[in-house]
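To start, the structure under review is shown below, and the notes come after it.
Laboratory data are not the source of any read-out in this text; all were calculated from the coordinates shown. Owing to the predicted nature of the structure, the values given are computational and were not obtained by experimental measurement. Here the Cβ positions follow ideal geometry from the backbone for every residue, glycine too, while neighbour counts run over all protein chains shown.
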């Protein structure tokens, strides 16, 4: 190689190195989280993922489409009992095998998705977590950025996120406890983006177009003020959603609260106690823990993927609003 060629090669190396440094300087945890939030909402994607909690492993298939700014999503179980969740911008329908009718229909809660691809608030996270950018990794054959999200206290779990370098979609998330033991994890094993015409996508469009008779609409929720209040909340948590709705027969109500710290979420359900299915103390509901107690003749159940002490805090702090 001549002197001129060696100089050109050296210049090219310096340029590439400087570009890599510039990219690294511009890439921050907040930037990554913002890009991930946009990708989860705005991209078309389809893939298969697994969810592991303890010894249990579930396989799922997700399709997400955006048409004219409106989201449509279909999550189908590939293991265990056949079930589907279909979500639009207006409602959610849950179906089980052998029935063409939804077993549960509910209005969507402020963009809340039933998929494993969560949107998170980087600004809110800073109050309760320390966020660090780690060495890149590889998931489902794709290069990924890696974020470590460590809790500042013991009211929440930590997370490790792998975010696709090409699309900014979250490819893997690991939730771990205070001893860094995995509590649960989600990982894509196959992911495609940008495809607009596949058999499963056409089926999704037909289902949400009403060809199967599935109605994705529900009566308006009652906009009454809360009948119950929480005197104090665990550090970092704030109320995101509140609902009141009449139960079958119209004599009693179910009140539902959703709290979040920007990543973890906790739901509280309150209804008059009828002595059936009563939950007292701690239990486990799928991926989440649950804590129940009786308050003023009402059953209070608090559910979330957080430490039990956090659920007990919510359960202890709730009281009727009239007191």
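Data for the structure
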| read-out | value |
| --- | --- |
| Spin-label pair residue 94/residue 317, simplified geometry with 7 Å Cα→Cβ offset, distance in nm | 2.7 |
| Size descriptor, Kirkwood hydrodynamic radius, that averages inverse alpha-carbon separations across the stretch 228-320, Å | 13.4 |
| Label point distance in nm, residue 58-residue 152, each placed 7 Å from Cα along Cα→Cβ | 3.2 |
| Ascending count of other beta-carbon atoms within 10 Å, so fewest first, for 77, 283 | 283, 77 |
